[in-house]
Amino acid sequence: MEYICELIEHNIKDFTNYCVKRKNISIEEDRLHLLEVNGTCPLCGNSLLKNSGKKTKLYEIAHIYPNKPTEQEKYVLNDVQVLGDNSESFQNKIALCFNCHKNYDSHKNKEEYNKLIEKKKKLYAAEKIKNELSNLDLFPQIEKLLDKISTGNIFSNETIELNMTPLEIQHKFQKSEFLLENKIRDYVIRYFVSIREYLKNLAETNQFNFERFAITIKLAYITIQSSAKTKDEIFDSLINWLMSKMQTTNRIVCEIIISYFVQNCEVFDEVTK
Ligand SMILES: [Zn+2]
């Protein structure tokens with residue numbers, strides 16, 4: 001089952017159309033539900049698997065909007081937002097621990113309902129982004145760049161003047177974002193020219209397409225930007241993505257590379273001051 005599908009939101013007007021016959025959950029769907037909540041109950045934080053030799057399930061898949069609403073439930077949830085085409089959609093279900101599932105089902109009110117639906121929307125969006133990012137491919141040749149930076153073998157005499165903040169960076173940050181701006185500026189001053197030279201040489205060997213590399217970084221930025229709130233969050237998520245893609249634990253090297261793309265204009269847009 002493909003995770004990437006649209007999260008359809010609409011207001012419930014007609015229960016009879018939305019509520020359909022209960023459908024069995026496949027092993028694959030069950031696994032996706034567990035992954036979506038990162039193996040913990042989204043309401044209480046308890047682990048959903050017991051690891052005692054063999055893994056024991058400590059969860060059930062709950063309907064957010066009930067599959068067979070009682071008259072009382074129809075009444076309290078009369079104008080709520082629902083997710084998915086019908087009550088059996090993946091979007092209307094979520095993994096909960098036994099206790100939270102029981103509580104949720106037995107005391108349904110609008111507040112609890114809205115709380116759960118907001119959790120689902122956040123988790124769904126995060127999972128969709130994780131999926132999109134894992135589909136972006138980087139070039140194996142970039143490993144060499146990581147190596148060169150981490151061993152100090154990338155260095156030219158040309159650095160950007162130390163007292164000068166490159167214009168591109170200056171235009172991308174608000175005053176309050178000075179910590180991140182300073183960090184990126186320092187990396188750019190020290191490494192931008194050398195990395196540019198290195199990538200240029202690599203592109204001349206015809207094993208490497210710089211444009212494609214830059215577009216991949218841009219796509220990762222756009223994908224992350226859609227859910228992250230601050231530049232710090234975006235920068236961190238880009239670093240985490242690059243680290244996992246390159247299977248490296250060297251955070252600083254990845255910060256240097258992403259900073260290169262801030263200066264090169266793939267990451268962060270200009271702010272209007
Ligand atoms: Zn729970």
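The values are calculated or read from the model by the stated rules, or taken from the named source; none is laboratory data. Treat the numbers as computed from the prediction; the structure is a model and nothing was measured. Cβ coordinates were reconstructed from backbone atoms using ideal geometry, including for glycine residues, and neighbour counts include every protein chain displayed. To get the accessible areas, we keep the full protein, side chains included, count just its heavy atoms, and leave off ligands, DNA and RNA. Shrake-Rupley method; radii C 1.70, N 1.55, O 1.52, S 1.80 Å.
Some observations on this one:
- Checking Gln141 against (1) at pLDDT 90 or above; (2) away from the ligand (no atom under 16 Å from the Cβ), the condition it does not meet: (1)
- Search result, residues across region 92-134 that are in a helix (DSSP H, G or I), open to solvent by less than 30 Å² (accessible area, probe 1.4 Å) and in contact with a Cys (Cβ under 8 Å, 6 or more places away or on another chain): Cys100
- In the set (1) without any contact (Cβ under 8 Å) to a residue 24 or more places away in the chain; (2) farther than 20 Å from Met246 by Cα, Ile189 fails one condition alone, (1).
- Complete set of residues in region 89-110 that are away from the ligand (no atom under 16 Å from the Cβ) and at pLDDT 95 or above: Asn92
- Test: residue in region 246-265 that is over 17 Å from Glu143 (Cβ atoms), without any contact (Cβ under 8 Å) to a residue 40 or more places away in the chain and open to solvent by 40 Å² or more (accessible area, probe 1.4 Å): no
- Single match in Leu219, Leu242 (criterion: open to solvent by 30 Å² or more (accessible area, probe 1.4 Å) and assigned to a helix (DSSP H, G or I)): Leu219
- Being away from the ligand (no atom under 16 Å from the Cβ) and within 22 Å of Ala125 (Cα to Cα) is true of Glu29.
- Screening region 46-60 for residues that are part of a loop (DSSP other than H, G, I, E, B) and modelled with pLDDT of 90 or more and picking the one that is nearest to the ligand (Cβ to nearest atom) gives Asn46.
- Restricting region 176-214 to residues that are outside any helix (DSSP H, G or I) and open to solvent by 80 Å² or more (accessible area, probe 1.4 Å), the residue that is farthest from Leu145 (Cα to Cα) is Asn206.
- Given (1) open to solvent by 50 Å² or more (accessible area, probe 1.4 Å); (2) away from the ligand (no atom under 13 Å from the Cβ); (3) modelled with pLDDT of 90 or more; (4) assigned to a loop (DSSP other than H, G, I, E, B), index of the condition Leu43 fails: (2)
- The set of residues from region 1-22 being modelled with pLDDT under 90, surrounded by fewer than 16 Cβ atoms within 10 Å (Cβ to Cβ) and part of a loop (DSSP other than H, G, I, E, B) comprises Met1, Glu2, Tyr3, Ile4, Cys5, Glu6, Leu7, Ile8, Lys13, Asp14.
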